[in-house]
Structure formats: structure tokens, C-alpha cells
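Peer 1: I am attaching a structure below and will ask some questions about it afterwards.
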Amino acid sequence: MDAADAFIEPAVEEARLRAVEQLNLLDSEPEDRFAQITRMAKAVFGVPMSTVSLLDRDRQWFKAVDGIDIQDQPREESVCQVTVARAYSQPAEPALVIEDVSAIPCFAEIPQIAADGGIRFYAGYPLYGPGGHPVGTFCVYDTRPRQLTADQLTAFRELAAWAQREIENSDDLERAAQVQRRLLPPPLGAVPGYSIEAMCLPAFAVGGDFYDHYRCRDGLVFTVADVMGKGLAAAIVTATVKSAMRATSRAFDAARTEAPGPDLGEVVGTVTDQLADDFAGTETYATLFHARLRTRDGHVEYIDGGHGLATVRRSDGRCTILRGRGLPIGILPNDTWRSAAVDLAPGDMLVIASDGVLDLVDEDATELLRLLSAAGTPAEVRARVDDLVAARPAVDDVTLIAVRRDEAG
């Protein structure tokens, strides 16, 4: 075995590196789902060290490390570069098991091997990313030479398959996160007489919150909703609720030929009826704040379905929470919702938030009102929430829409 065993054709290597990048795992925080694998490997094989790593252009970076004080190392000092190359040259049996790596000249000078009490036994299995390219390895190591029995080799492959599933889950989640980000509405652009900010920060890769805003015949429509739960399951239901709300609201608006616009209670009730089977089948529900702003005079009609986190900040700094009048959607079949209204005078601001914002201030509504009263514009509200998230990582999705009727409006 020599340096040639680590060679990968340049065009293939570039494709492989793109696959590594697409995982969006490099330099990410440790995750217990990978640490569980390395802990299990140490227990199963009775070895002192185990890792899950990615092979970048010039380095090997470790996503999970158990028993070795290392975060990354130069690629040329890695035995795993041979394991990765072996995935191309020997795809039928890509596992690389070496009884004593110190006896192989091209590995003997690697610091982790050359040191007293260094690595002697190595077993590595390639992990695959997008396009089927090997992106890294699952490995176990020992400080003494040893072999793997047939049963141990089977267990080694099974643990590698576990690591592979977690790599694939990472790829699926990132793709889902990209789709979810793209489903957020584009900025509204200039709305004469109004300032608007919106944000949605999932606590995890994907989230159960969404916001939506779009123009209607006499103004703007805003929605903020929070589907019970987190992660991919909540994200799937979230996309369904968002699409149904927008489609139904626009259909009702198009059907009305005269003012006033569609009854918001009818809109929410129709969506709930359409999604009744989905809510029942997934045993979930969603809190929701849905509003229509008439831009010519600042009149806001709204439905609060169990949301309870919409606030009007008046021009003098006083804040009033808009109390809800309905249950979340998906709780009771054939439920109904009644709309309420509030008027924005020049200088007033409507802020619609998810409960993830409340978590940032220890679920203290008084503190949230204080925060809002000190922020006179939507841009200032967003900046303050960004500061809170930076200082205290969110444990729930953080979603916000802030709309201010400008003084000149």
C-alpha cells in the first residue's frame, strides 16, 4: 500500500468535494446522533477510539470523535483518504481493515501513528453523500494490533450503515430546509405609507412556523402560524397550511366584486374544513393570526386562532396585546371563527410574533411589551429580536411580522 492508493481522478475528486459541500456538515456543531455511533462502536469492539469524519480538499474533519483529542488534521496525514479512494477502486468491498498501520511505510510517520502508544489497528468504512460519492468515513482504532472476526466485521458494517443513514438524514434535512426557505414569500417591496419587516428563523433545520404576506385589492394580507411540533413532520404540515390559507384567501377575494373583502372567519373555517383529515391523521393543530390591512386608512381586520401574540404599539409607545377569540385550527371539527378589528393611526405599529419570540424573554409577556415599546420601527423590532437570538440560541422557531403606518401615511 502506498500513496497511489489514495489517488482519485481530478474530475471525480471535484464532484466528490461538491458532494461534501452539499451536506452542509463541515464545521457544524457536534450532534449526539453521531456521538451515539462512536460510543456504541467503542463498546462493541472494546476499542479506545472511534470517529465519524468528512474528507475535505486539504483536511480530514471530524464530526464525532470519541477517545482522540482532535478536530481536524491535514489530509495527507489521514489513513482515511485511502478508504475514501477505495470506495471508487473496490466498490464491492470498500472497508479498509489494517492489523498494524505502523508497519506500513506510507502511514508510519503520521503523528497519530508514530507517537508512543499511537494508533496501531485501523478499520475504516466510507460514507456516501449526494451522487453516491464517498464523503468521509466511519472508523474504529486501537493502540495494539488486532484483527476483526467475521462477526465483528458484520457488526462493523452495520454500525457504518447507521452512520450512513445519519449522513443521508443530514442531506434530506438540508434539502428540506432549502425548500422551506424558498417557500417564504419575497419582500413586498415599497408600500406607500408603510414600513414592513418579516423574519422566520427555524430552531432546527426545518421548522413548524411560517409567515405569509401579499397584496390584495385594497391593501395587504398577513398570516403568521405555528404548527404544533418541530422538525420535518411539522414542516410538511406547515407547507400545507400555508398553501391552503393563501389559495383560499385569494379565491374568496377574487369572488367578491364589491367591498368589503372576504370574511376572514369564512376563510379560516374553509381552510380548517379542507385540512380536517390532515390534522386528524397527523394528530396536530396550528395556532394562527390572519389579518387584512386596508392601507388607505390603517384599518386591520384579523382572526386570532389561539395565537395570542399580536401587539399594537401606539405612536406614544403604549402597547396592547390583541386578544384572541378562537381556538387553534384543527382542534375541533366544524369550529367557527369571528374576526375583530383594530385601527392603526399614523405612527402605530402592528407586531405579529410566534411563541419562539416569547421564549427569548423567558415567556414574560411584560418583557416582550417592554421590548416592543422601546422599538419605534419594524427595522428596530427585527434588530432587537436578532440580538436576542444571537445572545441566546432559540429553542423554538422565531417568526415575526412588523407593520408600521408611517407618520406621513
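Peer 1: What residue among 145, 134, 126 shows peak mean-square fluctuation when the chain is described by a Gaussian network model with Cα springs under 10 Å?
Peer 2: Comparing 145, 134, 126 in the GNM, the peak value goes to 145.
Peer 1: Answer with one residue from 89, 62, 361: the one whose Cα lies farthest towards the positive end of the charge dipole of the chain, charges on Cβ with Lys, Arg +1 and Asp, Glu -1.
Peer 2: Final value for the positive-end residue is 361.
Peer 1: Please state the shape class of the range 100-217: rounded when a/c is under 1.5, otherwise prolate if a/b exceeds b/c and oblate if not, all from the C-alpha gyration tensor.
Peer 2: In terms of gyration-tensor shape, prolate.
Peer 1: Compute the Kirkwood hydrodynamic radius of the range 23-153, taking the inverse of the mean of 1/r over all pairs of distinct Cα atoms, and give it in Å to one decimal. Present the calculation step by step, with values, prior to reporting the outcome.
Peer 2: Values: mean 1/r = 0.0673 Å⁻¹.
Value: 14.9 Å, from the Cα pair sum.
Peer 1: Here is a follow-up. When only Cα pairs under 8 Å and 6 or more residues apart are kept, what is the percent relative contact order across the range 184-405?
Peer 2: 26
Peer 1: Going through the range 5-84, which trypsin sites (Lys or Arg not before Pro) have at most 15 other Cβ atoms within 10 Å and a DSSP loop state?
Peer 2: In loop regions of the range 5-84 (DSSP not H, G, I, E or B), the sparsely surrounded trypsin sites (Lys or Arg not before Pro) are 57.
Peer 1: A follow-up question, please. Calculate for the chain the 222 nm mean residue ellipticity that helices alone would give, adding -39,500 (n - 2.57) per DSSP H run of length 4 or more and normalising by residue count, nearest 500 deg cm²/dmol.
Peer 2: Roughly -11500 deg cm²/dmol at 222 nm, from the helical runs in the chain.
Peer 1: Given axes a ≥ b ≥ c from the Cα gyration tensor, I'd like to know whether the range 184-405 is rounded (a/c under 1.5), prolate (a/b larger than b/c) or oblate.
Peer 2: Oblate is the answer for the range 184-405, as a/c is 1.5 or above yet b/c matches or exceeds a/b.
Peer 1: In whole angstrom, how far apart do the alpha carbon centroids of the range 284-313 and the range 129-198 sit?
Peer 2: The range 284-313 and the range 129-198 have Cα centres separated by 37 Å.
Peer 1: Right, next: Which value, in debye to the nearest 20, gives the size of the charge dipole of the range 48-177 about its Cα centre, when Lys and Arg are +1 and Asp and Glu are -1 at the Cβ?
Peer 2: So the dipole magnitude of the range 48-177 works out to roughly 180 debye.
Peer 1: If you take the square roots of the eigenvalues of the alpha-carbon gyration tensor of the range 312-409 and sort them as a ≥ b ≥ c, do you get rounded (a/c under 1.5), prolate (a/b over b/c) or oblate?
Peer 2: Verdict is oblate for the range 312-409.
Peer 1: Taking the Cα-to-Cβ direction at residue 407 and at residue 31 and moving 7 Å from each Cα, how far apart do the two end points lie in nm?
Peer 2: The answer from the label model is 4.9 nm.
Peer 1: So, one more: May I ask for the angle, rounded to the nearest 10°, between helix 378-391 and the longest principal axis of the chain, with both axes built from Cα atoms and the value confined to 0 to 90°?
Peer 2: The answer is roughly 30 degrees.
Peer 1: Just to confirm the number: angle between the C-alpha axis of helix 231-255 and the first principal axis of the chain, 0 to 90 degrees, nearest 10?
Peer 2: Around 30 degrees separate the two axes.
Peer 1: Additional query: Given Cβ point charges of +1 (Lys, Arg) and -1 (Asp, Glu) and nothing else, what value in debye, to the nearest 20, does the dipole of the chain about its Cα centre take?
Peer 2: Dipole of the chain, to the nearest 20 debye: 1020 debye.
Peer 1: How large are Rg and Dmax for the chain when only the alpha carbon atoms are used, in Å?
Peer 2: 27.7, 86
Peer 1: OK, next. Of the options 399, 8, 213, report the single residue whose Cα projects farthest towards the positive end of the charge dipole of the chain (beta-carbon charges: Lys, Arg +1; Asp, Glu -1).
Peer 2: Value computed over the given set: 213.
Peer 1: For Cα pairs less than 8 Å apart in space and 6+ apart in sequence, what is the mean separation divided by the residue count of the range 1-125, i.e. the relative contact order in percent?
Peer 2: Relative contact order of the range 1-125: 21 percent.
Peer 1: Order the peptides 109-118, 372-381 from the highest to the lowest mean number of other Cβ atoms within 10 Å of their residues.
Peer 2: The peptides rank, most packed first, as 372-381, 109-118.
Peer 1: Still on this structure: What order, most packed first, do the peptides 342-355, 321-334 have when packing is the mean number of other Cβ atoms within 10 Å of each residue?
Peer 2: Result, highest mean first: 342-355, 321-334.
Rule-based calculations on the coordinates, nothing more; no lab input. Source: prediction; values computed, not measured. When we count neighbours, we look across all protein chains shown, and the Cβ atoms used for this are built from the backbone with ideal geometry, even at glycine.
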